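Chemist: First, the structure itself, so that you have it in front of you.
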Amino acid sequence: MEKEKDKGFIDKIWDFFASIRLAIVVFASLALTSIIGTVLEQNADPERNLRLLAKLFGKSAAPSLFNIFESLGFMDMYHSWWFVTILMLFAANLIICSIDRLPKILKVVKDPIKPLSEDRFKGFGIKKEFVLNGGPEKTKGVVSEAIKKVTGFNLSEVKEESGYQLYSQKGNYTRLGVYITHFSILVILLGAVIGIFFGFKGFLNLPEGKTYSVAFSRTGSMSQTQEFERILNAVEASAGNLQNASKLLGIDENSLRTMMRKFGIFPLGFSIRCDMFNVDFYSKSDMPKAYRSWLSVTKDGKEVIKKIIEVNEPLKYEGITFYQSSYGLVPGGVENGIFRFRAISKDGKSEEINARFGGSFTLPGTTLTAKIEDFSPALGFDQATNRPFTYAKQMNNPAVLISFFEGGNRKFGGWVLMRYPETWSLPDGYTLEFVGVWGSQYTGLQVRKDPGVWIVYLGCFAMAIGLFIAFFMSHRRIWVRLVDERHNTRVIIGASANKNKQAFERKIDTLVSHLTKTKEGGK
Amino acid sequence: MDSSTLFGIATMAYILAMIIYIVYLAFKKPQIGIIATTITVIGFITQTFAILLRWKEFYDIGKMGILRAAPLTNLYESLVFFVWCLILGYLIIEFKYKNRSFGAFVTPIAGLALAFIDLTGMDKDIHPLVPALQSNWLLAHVMMSFIAYSTFALAFSTALMYLIIKTEKRTEPSYIFWTITMGIFIVILGAMGLDYLTYKVAIKNPDVLIKSFLFKASFFSNSTAVSLVSWIIAVAFIFLLWRYGYLLKKVISGFSLSPEILEEITYKSIAIGFPIFTLGGLIFGAIWADQAWGVYWSWDPKETWSLISWFAYAFFLHSRFLRGWKGKKIAIVAVVGFVLVIFTYLGVNLLLSGLHSYGSME
């Protein structure tokens, strides 16, 4: 008695999870909450969402609405506990639904096809009937050969009272396509979960010429406290070797790791250096053509990889991938950067020159001294006044203002623009090419380690196969009765397909016309 | 001859075909039907050449290889490709079902999509690819997404026709549903057309569009009177559509289209579109995002909305297979699904921001 009641309860839970009603509720709540998540900006500055709410519901209602949404987790809703719960309900529903239905489907898939009784032939969607010359013994071979030729089916046969019955099926396994698709969703979710628990998603703003052996998490407390700096400096001083770093700090390695986790500092296990960063533009426009970083990876003091990465061309090493994601000017980068020039004299001799902001250098083979007076990352000229101004914060159009002196007297000067070769020539046929400022920009790298991504890809692959089977392949069955009718044969065909019945019917029609034609030919 | 001239010819051909298909419906003369089909085919061939020519023009400008010169990189090009797929899908249906009446419903969608390009003053210039789009996934992802979108559009029009034929009473929920959906569609398009006629500006970016122009000539006008009149006209229009919607039923019932065929086309279009959308839209999109940004899924608005549309069509398929839903109920799901698709495609770019901002009218 007790046991039965218990079972009833479990059955109820089972039925709840296997129900389509739950599936509909889960679908609908995922969709509806997701919509809210696309309207409210996720992980954004509170100001922005406050403004948005004020626009939609009025200024007075905005702050309290914001508080309600924030306390419910809507500002980062795709990671909130309740959204993850709905996703888990979705997975549970999928698993239990599949287990619930699988035995029935497996039976259809595995059971061999059986001959049918006479009255069962009436209920087919595809039904054909015609008469062939000669008795069943004679026509049997012709019919089965024709079926094999047109449909590719291998027939089984059974002797009946008044003749024969031929039957066959194909594609019974295609009924599992739906389950492969459902299963693949679970595989993808599993991969995502593995990625969340064992992966790392962060960033690294790497200035030109700098080396780092860590990356930073966006969610870690990024407040640049003294402690944060102290740990970071120790780790970098020992080139990422945490054992040495913990000795430097005078703590044990495990507590160092704990502290790093707290500060969102992720040890790479190797060092990465940005040798150079560059933005290419389409001819003279400000439309970017390529963002490129020249990266090199060092492990245990040895350089192991050198690669130029672009937006769709990341660098991968030891399971950690570096993606080109942003860039910018390093604070104080211009003052500390190296201005690179190439001086080409009249006779074509070229020489590389490095200089500092505010510094001077002598043009090789002349008595001219060049002084870097000013710099603009993006120089434009006002259309009305023709006055120079800086139109962007990024290095869209770098330019240096250079004055040339001879014996202490300013001879001439002007703006030299990196992207405009016509500004490189000096009055006496000399060319001073402005190559760029090295060390003034950083490359913004997205850093990711995701051991689950291959499982996700595997799931995607399974889903593609499952969908193909589920939508474009079908389970086709055919039964043919050959009935003796005064030394002729009445052929009765019944056939079914669980998908795309018309295509199968067309095949059967071809078969029928094929058979009836040979009959006429035989006359 | 350049691609834009050919696009112009194709657009004219579709609009002409639309008129002739409607004339064909009125008079039911087979010769007229043949003319309509011929003009559609001519438009289609011209458009095919136009797309190939633009591909070549893009290739010559971009110099990035043939696969990365596919003209599918902005709103204008994608709409053109959508129309191309839609007409191709229609021609296949006309050939398979030997029925031309349906043309009177599909060619207007093609015409409307092309009119939308001009009404919004969309940028038609060829722009070289920004770094994020320089990937071979662009071709596969965008092309498959739009093939799927056009199958959904076909399903939408057959489902809507099904609803129009099958609804009997004005108080019936399905009847109210289709009249209001159709009414809102027409009102929004009309309001956008009015914006364009009033301001005559080619919209350069969505922010400016939303803030300064969208519905400013009607609903959001600075003048309270204009705004009020607009709302009244919109509501009145939807009311009239509801009141006299049955007239449309008479027109469509006159076609030799049975509800069964409409239902079948709805299902088949979705059954073809759904796997293509899953693979090309969601899976290829995720793989590409993984390569470019290092996250295969980031819940950005475009991704989230495509997932919502995917849910809608998954719901369509499941309710049909498991619950045996038929008829009006499932037709409503097909209509709602396409409304979600339109929002995924246009609404997200125009109204919501996200990683996918490259698809906007820049």
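Chemist: For the cross-link pairs A:LYS507/B:LYS98; A:LYS140/A:LYS517; A:LYS201/A:LYS316, which exceed 18 Å when the distance is taken from alpha carbon to alpha carbon?
Modeler: Numbers: A:LYS507/B:LYS98 20 Å; A:LYS140/A:LYS517 16 Å; A:LYS201/A:LYS316 14 Å.
The answer is A:LYS507/B:LYS98.
Chemist: Ok, one more. Starting from the stretch B:52-156, pick out the GluC sites (Glu not before Pro) whose DSSP state is loop and whose Cβ has at most 15 other Cβ atoms within 10 Å.
Modeler: Values: sites: B:GLU57, B:GLU77, B:GLU94; in loops: none.
Passing both the DSSP loop test and the Cβ count: no residue.
Chemist: Now a separate question. Beyond 14 Å, how much of the Cα-Cα pair distribution for the stretch A:202-285 remains, as a whole percent? The partial results should precede the final answer.
Modeler: On the way: 2263 of 3486 pairs.
Result: 65 percent of Cα pairs exceed 14 Å.
Chemist: Within the stretch B:1-76, which trypsin sites (Lys or Arg not before Pro) sit in a loop by DSSP and count at most 16 neighbouring Cβ atoms inside 10 Å?
Modeler: Working: sites: B:LYS28, B:ARG54, B:LYS56, B:LYS63, B:ARG68; in loops: B:LYS28, B:LYS63.
Within the stretch B:1-76, the qualifying trypsin sites (Lys or Arg not before Pro) (loop, at most 16 other Cβ atoms within 10 Å) are B:LYS28, B:LYS63.
Chemist: Looking only at other chains, what is the average number of their beta-carbon atoms within 10 angstrom of each beta-carbon in A:468-475? It would help to have the intermediate numbers written out before the result.
Modeler: Values: counts 2, 1, 4, 9, 3, 0, 0, 0.
Whole-number average of other-chain Cβ neighbours for A:468-475 is 2.
Chemist: Right, here's the next one. Sort out for me the Cα centre separation of the stretch A:254-318 from the stretch A:1-77, rounded to whole Å.
Modeler: Centre-to-centre distance over Cα atoms comes out at 38 Å.
Chemist: Run the numbers on chain A and let me know its relative contact order in percent, using alpha-carbon pairs under 8 Å that are six or more apart.
Modeler: Numbers: 897 pairs, mean separation 105.9, N = 523.
RCO, chain A: 20 percent.
Chemist: Give the cross-link partners of A:LYS122 among the aspartates and glutamates, using a straight C-alpha distance below 17 Å as the criterion and excluding same-chain residues fewer than 8 apart.
Modeler: Cα-Cα hits under 17 Å: A:GLU505.
Chemist: Still on this structure, please answer the following. Which entries in A:LYS284/A:LYS307; A:LYS210/A:LYS302; B:LYS249/B:LYS328; B:LYS250/B:LYS328; B:LYS249/B:LYS329; B:LYS169/B:LYS329 show an alpha-carbon gap greater than 20 Å?
Modeler: On the way: A:LYS284/A:LYS307 27 Å; A:LYS210/A:LYS302 16 Å; B:LYS249/B:LYS328 15 Å; B:LYS250/B:LYS328 18 Å; B:LYS249/B:LYS329 18 Å; B:LYS169/B:LYS329 16 Å.
Pairs exceeding 20 Å: A:LYS284/A:LYS307.
Chemist: Per DSSP H run of n ≥ 4, the term is -39500 (n - 2.57); total these for chain A, divide by its residue number, and report the mean residue ellipticity at 222 nm rounded to 500 deg cm²/dmol.
Modeler: Working: 13 runs with 204 residues, N = 523.
Here the helix-only value at 222 nm equals -13000 deg cm²/dmol.
Chemist: Expressed as a rounded percentage, what relative contact order does the stretch A:80-204 have, with Cα pairs under 8 Å and six or more residues apart? Could you put the intermediate results ahead of the total?
Modeler: Numbers: 52 pairs, mean separation 37.6, N = 125.
RCO, the stretch A:80-204: 30 percent.
Chemist: Still on this structure: For the stretch A:167-197, list residues with backbone N below 19 Å from a point placed 7 Å from the Cα of A:HIS79 toward its Cβ?
Modeler: A:189-197
Chemist: Can I ask one more? By the gyration tensor of its Cα atoms, with a ≥ b ≥ c the square roots of the eigenvalues, what is the shape of chain B: rounded for a/c under 1.5, prolate for a/b over b/c, or oblate?
Modeler: Working: a/c = 1.33, a/b = 1.25, b/c = 1.06.
Judged from the Cα gyration tensor, chain B comes out rounded (a/c under 1.5).
Chemist: Right, next: Where the centre of each part is set by its Cα atoms, how far does the stretch A:321-391 sit from the stretch B:224-290, in angstrom?
Modeler: Each part reduced to its Cα centre gives a spacing of 59 Å.
Chemist: Further question on the same structure: Taking every DSSP beta bridge that has both residues in chain A, what percent is antiparallel when rounded to the nearest 5? Spell out each step's value before the answer.
Modeler: Numbers: 111 of 112 bridges.
Here the share of antiparallel DSSP bridges comes out near 100 percent.
Chemist: Also, I was wondering about something else. Mind checking which lysines have their C-alpha under 25 Å from A:LYS346, skipping anything on the same chain fewer than 8 residues away?
Modeler: Straight-distance partners of A:LYS346: A:LYS371, A:LYS411.
Chemist: Are there DSSP H segments in chain B that both extend 27 Å or more along their axis (alpha-carbon positions) and score a mean Kyte-Doolittle hydropathy of at least -0.5? List them, or say none. All intermediate terms of the calculation are to be shown ahead of the outcome.
Modeler: Details: long enough: B:3-27 (36 Å, 1.90); B:30-62 (47 Å, 0.88); B:75-97 (32 Å, 1.52); B:137-166 (43 Å, 1.51); B:173-199 (39 Å, 1.31); B:224-253 (42 Å, 1.49); B:301-321 (30 Å, 0.19).
Passing helices, by number: B:3-27, B:30-62, B:75-97, B:137-166, B:173-199, B:224-253, B:301-321.
Chemist: Another question, if that's okay. Taking the stretch A:2-108, how many lysine pairs are there with alpha carbons less than 26 Å apart, if each pair must be eight or more places apart or span two chains?
Modeler: Details: A:LYS3/A:LYS12; A:LYS7/A:LYS104; A:LYS7/A:LYS107; A:LYS12/A:LYS104; A:LYS12/A:LYS107.
The number of close lysine pairs in the stretch A:2-108 is 5.
Chemist: Another question about this same structure. Can you list which of the trypsin sites (Lys or Arg not before Pro) found in the stretch A:231-318 are DSSP loop residues with at most 16 other C-beta atoms within 10 Å? Display every interim value, and only then the final one.
Modeler: On the way: sites: A:LYS247, A:ARG257, A:ARG261, A:LYS262, A:ARG273, A:LYS284, A:LYS289, A:ARG292, A:LYS299, A:LYS302, A:LYS306, A:LYS307, A:LYS316; in loops: A:LYS284.
Filter output for the stretch A:231-318: A:LYS284.
Chemist: May I ask you to evaluate 6.51 cos²θ - 1.76 cosθ + 1.60, the Karplus curve with θ = phi - 60°, for each residue of the stretch A:337-343 and list the ³J(HN,Hα) values in order in whole Hz, giving x for glycine and proline?
Modeler: Along the stretch A:337-343, the couplings run x, 9, 7, 10, 10, 10, 9 Hz.
Chemist: Can you tell me the mean projection area, over all orientations, of the convex hull of chain A's alpha carbons? Units nm², please. Numbers along the way, then the final one.
Modeler: On the way: hull surface 192.3 nm².
Taking the Cα atoms of chain A, their convex hull projects to 48.1 nm² on average.
Chemist: Here is a further query. Considering only C-alpha atoms, what is the centroid distance from the stretch B:308-350 to the stretch B:69-121, in Å?
Modeler: First find each Cα centre; the distance between them is then 20 Å.
Chemist: With an 8 Å Cα cut-off and a minimum separation of 6 or more residues, compute the relative contact order for chain B in percent. Before the final figure, lay out each step's value.
Modeler: Numbers: 447 pairs, mean separation 73.1, N = 362.
That works out to 20 percent.
Chemist: Stretch A:VAL109-A:LEU186 to full length: gain in nm at 0.36 nm per residue minus the Cα-Cα span?
Modeler: Values: separation 77, 0.36 × 77 = 27.72 nm, distance 2.26 nm.
So the extension gain works out to 25.5 nm.
Chemist: A further question on this structure: Which helices, counted as full DSSP H runs in chain A, have an axial Cα extent of no less than 30 Å and a Kyte-Doolittle average of 0.5 or above?
Modeler: A:81-110, A:177-198
Chemist: Averaged over its residues, how many other protein chain Cβ atoms are within 10 Å of peptide B:278-285's Cβ atoms?
Modeler: Working: counts 7, 5, 1, 0, 2, 10, 2, 0.
The per-residue average across the peptide is 3.
Chemist: Can you give the mean number of other chain Cβ atoms that lie within 10 Å of the Cβ atoms in peptide A:340-350? Working shown, then result.
Modeler: Values: counts 0, 0, 0, 0, 0, 0, 0, 0, 0, 0, 0.
Per residue, the number of nearby Cβ atoms from other chains is 0 on average.
Since every read-out is calculated from the coordinates, none of them should be taken as a lab result. Note that the coordinates shown come from a computational prediction; the quantities given were computed from them, not determined experimentally. Glycine also receives a Cβ, built like all others from the backbone with ideal geometry; neighbour counts cover every protein chain displayed.
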